[in-house]
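Working notes for the structure below.
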Amino acid sequence: MNQIVRPLAKKIKVAIVGIGNCASSLIQGIHYYKDKDSSQSIGLMHWDVGGYKPEDIEVVAAFDTDARKVGKDVSEAMFSEPNCTQVFCADIPALGVPVRMGRILDGFSEHMKEYAQNHSFVLSDAVEPGQEEIVGALRESGAEILLNYLPVGSEKATRFYAECALEAGLGFINNIPVFIASGSEWPERFKAKNLPLIGDDIKSQLGATITHRTLTDLFKKRGVKLENTYQLNTGGNTDFLNMINRRRLASKKISKTEAVQSVAAKRLNPDNIHIGPSDYVPWQKDNKICFIRMEGKLFGDVPMHLEMRLSVEDSPNSAGVAIDTIRCAKLALDRGQGGVLIPPSAYFCKHPPEQYSDDEAYNMTEAFINGSWGKNRKVVKVDGEDEVEMVLKPVAKSRFNSKNS
Ligand SMILES: NC(=O)c1ccc[n+]([C@@H]2O[C@H](COP(=O)([O-])OP(=O)(O)OC[C@H]3O[C@@H](n4cnc5c(N)ncnc54)[C@H](O)[C@@H]3O)[C@@H](O)[C@H]2O)c1
């Protein structure tokens, strides 16, 4: 099943929807690591993924709806307001890729109009393209993978762009909490077209989710009963401003809460677990502060509690993971493998179709990268035909499979 059906191309051509802070950090990172070698690969989980280095990623198409970004070269748009993430690589050459006007749908929340323009979205008055135009632009660009970086709550817009990816023949990486890879219809549709799908909701390199999961796992392994926990998050970027509109938060809350619930020894009653974006503090900009509290019972039912405060720059934190998801999707394209990529989705996303512990997900992802994932799966014939199908030998039980798409 892992045979290579496409010629190995050196470059990985990606299209990006949403040139916000995350996209900016990712593009900065691609250039930051260009003149480095493996001995200087600080901040990366992998220098090399199946032969691909960070610099092999090339942005060939981009879509946004903000007046300060549409029409500009990506290298300029990525530093335009309201983007506010730390600049760690300012010297980005012109990419020759103009940001095209996207389809707005539910990407814009009306409450943004109540905030100063340097902090919020300002809609471009450029004509919105139809699906055909976007599909045409994707095909023309030669993009192989579409990355979704839309604001939380962009349910319709995410489905629209996923549809465009399918029609244009691109793999799709869903970095946001709209349930595509963990939804009911999309995995089959991507599989039918033999296109890779990774999602949903990117898990940062060392962020609130992975830390909270690791501590929850530690409680489980050390026999400590977890009774109450919260994870409060504050930040000052447009991601946090957008999430002030609580109506946009339903899937984000499910995604973040489930990421922790799925590794607990025993699922907590919903009244005993509170996880979510908590407030918007403009001066924090892209710095995210996370407060975790965990209350439990030790030996002899003696109470204990743990308090933790994490301070991270939000967008480079997600880019450190995006740089690996892209290369995993490219490996799948090289191997002719379509549908949801279970290992990278489980390791790199908060709401994958199948949840595994981070240790298991890490091992599965390493096996996926070196090509050994799937070797121990049973091969069966479907309906007596010669067609073979891989049967997943579970490493751990799937704990959650949302039908919400
Ligand atoms: N650590 C992280 O930063 C992290 C982790 C997990 C998930 N995410 C998610 O990734 C997404 C992107 O985060 P960000 O910080 O870059 O957000 P951002 O607000 O900086 O960027 C969003 C971009 O999307 C554009 N946009 C809005 N509607 C659009 C449409 N219909 N078509 C095209 N473009 C549109 C906006 O103009 C903006 O440039 C968010 O949903 C966020 O929750 C981020």
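Rule-based calculations on the coordinates, nothing more; no lab input. Predicted, not measured: the structure shown is a model, and the values here were computed from it. Positions of Cβ are generated from backbone atoms using ideal geometry, with glycine treated the same way; all protein chains shown enter the neighbour counts.
Note the full-extension length gain between ASN194 and GLU167 as 0.36 nm times their separation in residues minus their Cα-Cα distance, in nm to one decimal.
Length gained, ASN194 through GLU167: 8.5 nm.
At a 10 Å Cβ-Cβ cut-off, how would you order THR211, THR325, fewest neighbours first?
THR211, THR325
Cα atoms only, the range 208-313: Rg and Dmax in Å?
Rg, Dmax (Cα atoms, Å): 14.5, 47.
Using only Cα atoms, figure out Rg for the range 35-110 and give it as a multiple of 2.2 N^0.38 Å.
Numbers: Rg = 15.5 Å, N = 76, 2.2 N^0.38 = 11.4 Å.
Compared with the compact-globule rule of thumb, the range 35-110 sits at 1.36.
Please label the shape of the range 61-158 as rounded, prolate or oblate, based on the square roots a ≥ b ≥ c of the eigenvalues of the alpha-carbon gyration tensor (a/c under 1.5 means rounded; beyond that, a/b larger than b/c means prolate, else oblate).
Note, shape of the range 61-158 comes out oblate.
Given a Förster radius of 30 Å and the C-beta distance between GLN40 and ASN370 as r, what FRET efficiency does 1/(1 + (r/R0)^6) yield to the nearest 0.05? Don't skip to the answer; put the middle values down first.
Details: r = 23 Å, r/R0 = 0.77.
Here the calculated transfer efficiency is 0.85.
Any of LYS203/LYS288; LYS113/LYS256; LYS72/LYS156 with alpha carbons more than 18 Å apart? Name them for me. All intermediate terms of the calculation are to be shown ahead of the outcome.
Numbers: LYS203/LYS288 14 Å; LYS113/LYS256 27 Å; LYS72/LYS156 25 Å.
In this structure, LYS113/LYS256; LYS72/LYS156 exceed 18 Å between Cα atoms.
Going by C-beta contacts inside 10 Å, put TYR161, TYR356, TYR33 in order with the fewest on the left. Walk me through the numbers on the way to the answer.
On the way: TYR161 30, TYR356 25, TYR33 21.
The fewest-first ordering by Cβ neighbours comes to TYR33, TYR356, TYR161.
May I ask for the net charge around ILE176, where only other residues with Cβ less than 9 Å from the Cβ of ILE176 are counted and Lys, Arg are +1 while Asp, Glu are -1?
Its environment carries a net charge of -1.
For the chain, max minus min Cα coordinate along each principal axis, in Å, sorted largest first?
Its Cα atoms span 65, 62, 43 Å along the three principal axes.
In the range 208-313, if the dipole is taken from +1 on Lys/Arg beta carbons and -1 on Asp/Glu beta carbons about the Cα centre, which of THR209, SER255, TRP283 is farthest to the positive end?
SER255
Exposure proxy check: TRP186, TRP373, TRP283 ranked by fewest other beta carbons within 10 Å? Each step should come with its number before you reach the end.
On the way: TRP186 25, TRP373 22, TRP283 6.
So the residues, fewest neighbours to most, are TRP283, TRP373, TRP186.
Starting from the Cα gyration tensor of the range 72-114, take the square roots of the eigenvalues, sort them a ≥ b ≥ c, and report rounded, prolate or oblate (rounded when a/c is under 1.5, otherwise prolate if a/b is larger than b/c, else oblate).
Oblate.
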